[in-house]
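Undergrad: Encoded as structure tokens, here's the structure I'll be asking about.
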Amino acid sequence: MERSRIAVAGASGLIGKALVRSLRADGHEVVRLVRRGAHGPGEVCWDPEGQYVDTAGLAGCDAVVNLAGAGIGDRRWTDEYKRRIRDSRVLGTAALAEAVAALDVPPRVFVSGSAMGFYGETGDRVVDEDAPPGDGFLPSLCVEWEEAAAPAREAGVRTVFVRTGLVVARGGGAWGRLFPLFKAGLGGRLGDGRQYWSYIALHDEVAAIRFLMDTDGLEGPFNLTAPQPLTNREITAAMSRVLGRPALFPVPAAALRLALGELAGDVLGSQRVVPKRLLESGFTFAFPDIEEAIRAA
């Protein structure tokens, strides 16, 4: 892509920070959406839950990327926090999509966050983008989340949904919690360890977003997961090998349910998700292997 002006919502999050660094390193102008008063031309004020966007600040943007949302695993799922998770994604996406649609000259592409939680529990069954949504809080959230982007799509803006898996990174997400435990020799499988985890290296997550942003004709949902999902038991073994630490402390399912409540169902659940459309589009993973992804992190 030639030097472009790109707006990023969720720029302070794990993926957002890495995306902004990557774009700026290649000379692109990045406009960050912030929940306070904008400080200069590099920021745009918005209020996701209040569904407000300073639309004028998006003028001239070639792409808008929406990665904003309250952390899924940041705390126990109370009714109040589940509402916050939903509103931060659904209302925020709707506000951005409406702002994009209202521009006299809309961006070429709107990349909107989603998650592999769309598919719910899959057990040993391999699922790709053709699979229907599952049952439960996260699948219903993802359906609403994606539907909220309708104004941009209806305005003729190429709209892409990135259904992200578990991001292998040191600085946040599930692996941000796993690394310290394993380095301290306290790592182990979760439950029986047979559940599939569909992961993706942070480098590949950012590269895939940029690939989808830059490649004309690509729209709709794309799974951002490595080609070969592994079980939690296999990932635990890989963490042990790479970090040179034993993995002797399995966490019983009952203890997870006690500690995490409803969220435990997703930690113990199995999602065997593959990136069919991404691979068919010609994207190449830099770190498809779990040990390579862990080393990269």
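Undergrad: How large is ³J(HN,Hα), in whole Hz, for each residue of the range 10-19 in order, when computed from phi with the Karplus curve 6.51 cos²θ - 1.76 cosθ + 1.60 and θ = phi - 60°, using x for Gly and Pro?
TA: x, 5, 8, x, 4, 6, x, 4, 5, 5
Undergrad: Counting only other residues whose beta carbon sits under 13 Å from that of Asp128, what net charge do I get with K and R as +1, D and E as -1?
TA: That sum, taken over residues with Cβ under 13 Å, equals +2.
Undergrad: When the Cα centres of the range 44-74 and the range 227-248 are compared, how far apart do they sit, in Å?
TA: Between the Cα centres of the range 44-74 and the range 227-248 lies a distance of 36 Å.
Undergrad: So, one more: Which label marks the calculated value of semi-axes √(5λ) of the Cα gyration tensor in Å, given the options (1) 39, 26, 16; (2) 44, 20, 14; (3) 32, 20, 18?
TA: Here semi-axes √(5λ) of the Cα gyration tensor in Å agrees with entry (3).
Undergrad: Applying the Karplus parametrisation 6.51 cos²θ - 1.76 cosθ + 1.60 with θ = phi - 60° to the phi angles of the range 234-243, what ³J(HN,Hα) value in whole Hz is obtained for each residue in order, glycine and proline being reported as x?
TA: 5, 5, 4, 5, 5, 4, 4, 5, 5, 8
Undergrad: Highest first, please rank the peptides 183-196, 278-291 by the mean number of other Cβ atoms sitting within 10 Å of their residues.
TA: Averaged packing, sorted descending, gives the order 183-196, 278-291.
Undergrad: Next up: In degrees between 0 and 90, to the nearest 10, how far off the longest principal axis of the chain does helix 202-214 point, with axes built from Cα atoms?
TA: Once rounded, the angle reads 30 degrees.
Undergrad: Using a Gaussian network model of the chain whose springs link C-alpha atoms within less than 10 Å, name the residue from Ala63, Ala25, Ala174 with the highest mean-square fluctuation.
TA: Among Ala63, Ala25, Ala174, the largest GNM mean-square fluctuation belongs to Ala25.
Undergrad: Around Val168, which amide H atoms from residues at least 5 apart in sequence, or from another chain, sit under 5 Å from its own amide H, with H modelled in the peptide plane?
TA: Distant-sequence amide H within range of Val168: Ile200, Ala201, Leu202.
Undergrad: Report, for the chain, the % of DSSP beta bridges that are antiparallel, rounded to 5.
TA: 10 percent
Undergrad: Set the Förster radius R0 to 41 Å, insert the Cβ-Cβ distance between Arg245 and Ala25 as r into 1/(1 + (r/R0)^6), and round the FRET efficiency to 0.05.
TA: After rounding to 0.05, the efficiency reads 0.80.
Undergrad: Report, by chain and number, residues whose modeled amide H sits under 5 Å from the one on Asn66, excluding near sequence neighbours (fewer than 5 apart, same chain).
TA: Those qualifying (amide H under 5 Å, at least 5 residues apart or on another chain) are Ala9, Val111, Ser112, Gly113.
Undergrad: Quick one: among Leu181, Leu96, Leu224, which has the greatest mean-square fluctuation in a GNM of the chain with alpha-carbon springs under 10 angstrom?
TA: Between Leu181, Leu96, Leu224, it is Leu181 that shows the largest mean-square fluctuation.
Undergrad: Could you tell me the center-to-center distance, by alpha carbons, between the range 174-213 and the range 1-43 in angstrom?
TA: For the range 174-213 versus the range 1-43, the Cα centre distance is 25 Å.
Undergrad: Taking the Cα centre of the chain as origin, sum charge times position over the Cβ atoms of Lys and Arg (+1) and Asp and Glu (-1), and report the length of that vector in debye to the nearest 20. Mind showing how you got there, number by number?
TA: Values: 34 positive and 37 negative charges, 255 e Å.
With Lys and Arg at +1 and Asp and Glu at -1, about 1220 debye.
Rule-based calculations on the coordinates, nothing more; no lab input. All values derive from a computational prediction rather than experimental measurement. With ideal geometry, Cβ positions are generated from the backbone for all residues, glycine too; neighbour counts draw on all protein chains shown.
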